[in-house]
Every structure is written in structure tokens, then in C-alpha cells.
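The values are calculated or read from the model by the stated rules, or taken from the named source; none is laboratory data. It should be emphasised that the depicted structure is a prediction, and the values quoted were computed from it without experimental measurement. In this analysis, Cβ positions are derived from the backbone assuming ideal geometry, glycine residues included, and neighbour counts consider all displayed protein chains. Accessible surface is based on the protein model in full, side chains and every heavy atom, while ligands, DNA and RNA are left aside. Shrake-Rupley method; radii C 1.70, N 1.55, O 1.52, S 1.80 Å.
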Amino acid sequence: MADGKGLYIEVFPNGSKLWRLKFRSNGKEKRLALGKYPDVTLAKARAKCNEARAKIADGVDPAAEKQRLKIQAVLDSGNTFAGVAEDYIETKLVRERKAQGTLVKARWFLELLTPAIGFRPIAEIEPAEILAPLKKIERKGNFETAKRCRAFASRVFRFGVATARCKADPTALLQGALIAPKVTHHAAITDPAKVGELLRAIDSYTGSPITKYAMQIAPHVFVRPGELRHAEWLEIDVDDAIWHIPAGKMKARRPHDVPLTAQVLASLADIRELTGSGRYIFPSLQTPLRPMSENTINAAFRRMGYAQDELTGHGLRTTASTLLNEAGKWDDDVIETALAHKDTNQIRGTYNRAKYWDKRVEMASWWSDYLDVLRKGAEILDFPANGSTAP
């Protein structure tokens, strides 16, 4: 039944009635649904008809626009902060083979933010909405966590901008809104005599033997705790005495080789009897399918009586760095390369890893022998100024 100006009502056999507008766009006849009668009255249908005809006059196809808006609504319904964050984690972290620890922390940050903004359309989130959960974290005294959580949210928003799901990063406006965390360093023991006490305490540890072996090996290789606990048997070359750590497990995203001294190889031979049939050298105490928990070694240190501000697993790297530098026998670049500190020049970094390998092997052997001296509690001699004689 026609009304005029292309507007008509279509009556179906079941009695339902639908307002439609017939129009032409780019030489083709098209139809636009304007709603059901009586929900849409004649007056409303005529108003919608006039609105659509105005768009047609401006060269806009109202039917195509309606379809586009419908598709956009479907897309927007899935473009929540949590949805975009999961896409970011999968695209930028999982597929780019970032370290497992990075993935765990990213998902933890998302878990902290989800109650407040997880199910909100990412394009509609305001700075105040993000600040609220961050301040909640701050109120618990976790200033560093709040700072890192904001940084994670920022990466998600910037990913959203890059993938056309939002237009800006609202966390950029929160730079000065959070309490700056106090810079802390990893607690470490750097007094040689106390290092000897620590080594003897580790040898006397009565907890899990896997944890004990990890603590015994850690001072010799001075890798990051995450790199140690994710170590796999396939990465160990016993014949050449090298531990090949792939780039995906390294902070600098470059492969790193660790010389294995006689002491480390002996410990690996012992622990192989316990874990050699599995993937990980230091598997989880709950299941061999996962690596040791990130808190295992630090928890063992607490059980041994070492406070958090006295010793951490990461602090063993500081122990090695400090005493190796004080020895005066080794070039700074050799020590830095052994610690896998990132060189901003990738070509130079690759060159240095090859250039310093022989020195690193020599230094590793000296270091393991020195740790044995400390463990035995022998008299600790001061390092000579010229570094000519090892203690």
C-alpha cells in the first residue's frame, strides 16, 4: 500500500506490516526497511522517509549505510578492552615468541584490569575508568604493579589504535596520576665470606632435591631466574659444555650461550637421574609438564633464613658481577656479555658474543673454582691490585 515519495507499507500473509522506502542509487532500484507497523506509526515512517531522502540527495545510500552500521555494531560488541587485550597478547607476545614470564605477567595485568574495564568497548573507555583500578592497586602499597599495569593497558590501547578499534590511548593522560615507585635493587650478597656461608647453606638444604640443584647451579651460571627455571635438557650440549638458550627465553630476544664448567656438568649429571626423562631440567613440583615456579628459589632462601631484603635469586647475578669486577682479572665487556646485558648495537653485540667466548669460558672456570674455595671456608685473600694471582 503506497503512501508517497517512495514510502509504502508491505503487508505479509501472516498479517504483519513493514514500512519500506523504495529509492534508486547509482541507477539501481533499492529498498530500505523503516520498521514494523504499529511500532512505527505513519508519522514516524514519514519522518524516517524524509531523513532517508535527504541522505539520498547528498549522495549517501541509506541502505548501504544501515548495513555498514549493523556490521560495525557487531564488530564493536567484540571490541571490548579484554577482547583487544587477548588479541594483543596472542599477536604481539605469543606469535612473536616472547618469554613465558612476559606472557604470565601480561595475563595477570589483564586479570587485574578486567573487573573495571574488561567488558567495556575499548573505544569508549575514559581515563578516569582506568585510574580507578590502578588506584585500588596503589592503596595496597603495590606502586610498581600499578605502574606496570598502566603500561600494559597503554600497549593494549596503542594496539587498538593500530588495528582501528579505538582512536587514542587514554592512559597517556595518567602519567602523573600514579605514585612513582621507589627504585629498588635485587637484594644480593657481595661479601665473599658470606657467599661461602650461603653456598654451605644450600648444600645443607633439606627441601626438594630439584630446588637444591637449582640453587647449587644458579651461582655458577648467573643467568636470570626465569632463564634458569625454563632450562630444557635439549638445550644442553654436554660434549661441548655449552647451554644454548634460545632467543625466545632471553630478555634481549637474542640467543645466549652459557659455558658449563666441570662443577655445573657434575650437578647436571646428578639431576638428570631425577628429571632427565622430561622436558625441563627443573620441573614444577606439581607436574613435570611445567617449569619450576618463579617463587620456588626465593621461597627456599626464606626457608633457609635469608630475608627478602638480604637475598633473591636474581641477586646471584649481582653477586657474580660484583666479585668478578672486583677480581680485576676480567674485561668489563666480557662480564657484561656473560650477564647477557643488552647491547643497543645488535651487530656489535653479536660480534662481542663471538669475540669474548674463549675469555668467558676461562672466566666461568675461574669463577666456579673460586666458589669452591668460598664454599670450603678457606681463608679469603684480598684481590691483588693487578689481578695477577687468583685467591
Of all residues in the range 51-70, count the ones that are in contact (Cβ under 8 Å) with a residue 40 or more places away in the chain and on the phi > 0 side of the Ramachandran plot.
0
Search the range 116-128 for residues being closer than 20 Å to A177 by Cα and in contact (Cβ under 8 Å) with a residue 40 or more places away in the chain, and hand back the single one that is most open to solvent (accessible area, probe 1.4 Å).
E126
For K167, which of the numbered conditions (1) within 21 Å of T296 (Cβ to Cβ); (2) open to solvent by 30 Å² or more (accessible area, probe 1.4 Å); (3) in contact (Cβ under 8 Å) with a residue 12 or more places away in the chain fails to hold?
(1)
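Let's see how each residue does on (1) open to solvent by 40 Å² or more (accessible area, probe 1.4 Å); (2) closer than 25 Å to M250 by Cα; (3) more than 18 Å from the chain's Cα centre (by Cα); (4) touching a residue at least 60 places away in the same chain (Cβ under 8 Å):
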{"residue": "T114", "(1), (2), (3), (4)": "no, no, no, no"}
{"residue": "P133", "(1), (2), (3), (4)": "no, no, yes, no"}
{"residue": "E138", "(1), (2), (3), (4)": "no, no, yes, no"}
{"residue": "S154", "(1), (2), (3), (4)": "no, yes, no, no"}
{"residue": "R158", "(1), (2), (3), (4)": "yes, yes, no, no"}
{"residue": "V161", "(1), (2), (3), (4)": "yes, no, yes, no"}
{"residue": "T171", "(1), (2), (3), (4)": "no, no, yes, no"}
{"residue": "A177", "(1), (2), (3), (4)": "no, no, yes, no"}
{"residue": "I202", "(1), (2), (3), (4)": "no, no, yes, yes"}
Restricting attention to the range 308-320, the residues that are part of a loop (DSSP other than H, G, I, E, B) and either of a type in the set (V, I, T) or without any contact (Cβ under 8 Å) to a residue 24 or more places away in the chain (or both) number exactly 1
Among residues belonging to the range 234-256 that are of a type in the set (D, E, K, R) and under 15 Å from T337 (Cα atoms), point out the one that is least open to solvent (accessible area, probe 1.4 Å).
R254
Taking the range 278-302 and the residues there that are assigned to a loop (DSSP other than H, G, I, E, B), among the small types (G, A, S) and touching a residue at least 24 places away in the same chain (Cβ under 8 Å), the one that is surrounded by the fewest Cβ atoms within 10 Å (Cβ to Cβ) would be G278
I'd like to know if the range 21-30 contains one or more residues that are open to solvent by 30 Å² or more (accessible area, probe 1.4 Å), under 53 Å from the mean Cα position of the chain (by Cα) and under 11 Å from G6 (Cα atoms).
yes
In the set A340, A390, A385, A354, which member is at pLDDT below 90, surrounded by fewer than 17 Cβ atoms within 10 Å (Cβ to Cβ), among the hydrophobic types (A, V, I, L, M, F, W, C) and under 23 Å from I217 (Cα atoms)?
A390
What helices (runs of 4 or more DSSP H), lying completely within the range 1-103, carry at least 3 residues that are closer than 30 Å to T114 by Cβ?
62-78, 81-88
Only one of A188, A231 is within 27 Å of M304 (Cα to Cα) and open to solvent by 20 Å² or more (accessible area, probe 1.4 Å), namely A188
Given the residues R53, R68, which is the only one that is in contact with a strand residue (DSSP E or B) (Cβ under 9 Å, 6 or more places away or on another chain) and under 30 Å from S25 (Cα atoms)?
R53
Go through T206, T211, T145 for me and flag whichever is under 23 Å from the mean Cα position of the chain (by Cα), among the β-branched types (V, I, T) and either closer than 20 Å to T312 by Cα or open to solvent by less than 60 Å² (accessible area, probe 1.4 Å) (or both).
T145
For helices (runs of 4 or more DSSP H) lying entirely in the range 109-219, having 1 or more residues that are within 30 Å of A269 (Cα to Cα) picks out 192-203
